Amino acid sequence: MLDESPGYRELDEAELVRRAASGEQPAFAELVERYRGMVYNLAYHSLRNADDAFDAAQDVFVKAYRSLSKFRGDSKFSTWIYRIAQNTVRDYIRARSRRILPVSLSDYSGEDEDPRQLDIPDSDPSADPSESLERKMRERAVHEAILSLSETHRQIIILREIEGKSYEEIAELLGLELGTVKSRLNRARLAIKEYLVKRNIL
């Protein structure tokens, strides 16, 4: 258990991977702890079902554990686990015969500056019921807007707006140039804004 081996929390990623590959369960448990949020968010915002997302995330880490011996360190473990998650989610989508239609980006202005940050509200149990309902409706609409994006743009929005990853981290995870990340993020934000405006959410 992690509580019995708090020292694992202080180890860097490479050392954790090395120890996990040699069979140290707490080391792999610490890797799961570090990346389960990222994996679950990717699964949930692609599958739109909490149970499916949980199952997919579990499958991701099972696959990772079984394949640790194949991980050569050519990329960061976070990049490697993210790619496993991408492939697993695609398998789940295919299994459910679910098609995700991309939003047209033909109206994108191509401006370099970042649009305002996307506001994805959290539920507040102490709020007024009518305000809480409005927030829930807005949150659902934002999730639907994210789901409507192409896979390429959906990944970037999740990593930036939900996971809070930096542009540099996203570029490394997805194997993209920094400028490409910013451009795609701008397009994804604009597509979400247009989706919400059409539904009188903004």
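The values are calculated or read from the model by the stated rules, or taken from the named source; none is laboratory data. Small disclaimer: the values here were computed from a predicted structure and weren't measured. Quick reminder, even Gly has a Cβ in these numbers, built from the backbone with ideal geometry, and neighbours come from all protein chains shown.
With respect to residue 15, determine if the residue is surrounded by 15 or more Cβ atoms within 10 Å (Cβ to Cβ), without any contact (Cβ under 8 Å) to a residue 40 or more places away in the chain and not hydrophobic (A, V, I, L, M, F, W, C).
For residue 15, the condition - surrounded by 15 or more Cβ atoms within 10 Å (Cβ to Cβ), without any contact (Cβ under 8 Å) to a residue 40 or more places away in the chain and not hydrophobic (A, V, I, L, M, F, W, C) - is not met.
Go through segment 137-181 and count every residue that is farther than 17 Å from residue 46 by Cα and not in a helix (DSSP H, G or I).
Residues meeting the conditions: 6.
Based on this model, can you work out whether residue 11 counts as modelled with pLDDT under 90 and under 21 Å from residue 163 (Cβ atoms)?
The answer is no for residue 11.
Just to be sure I understand, how many residues within segment 30-77 are of a type outside the set (Lys, Arg), assigned to a helix (DSSP H, G or I) and surrounded by fewer than 17 Cβ atoms within 10 Å (Cβ to Cβ)?
11
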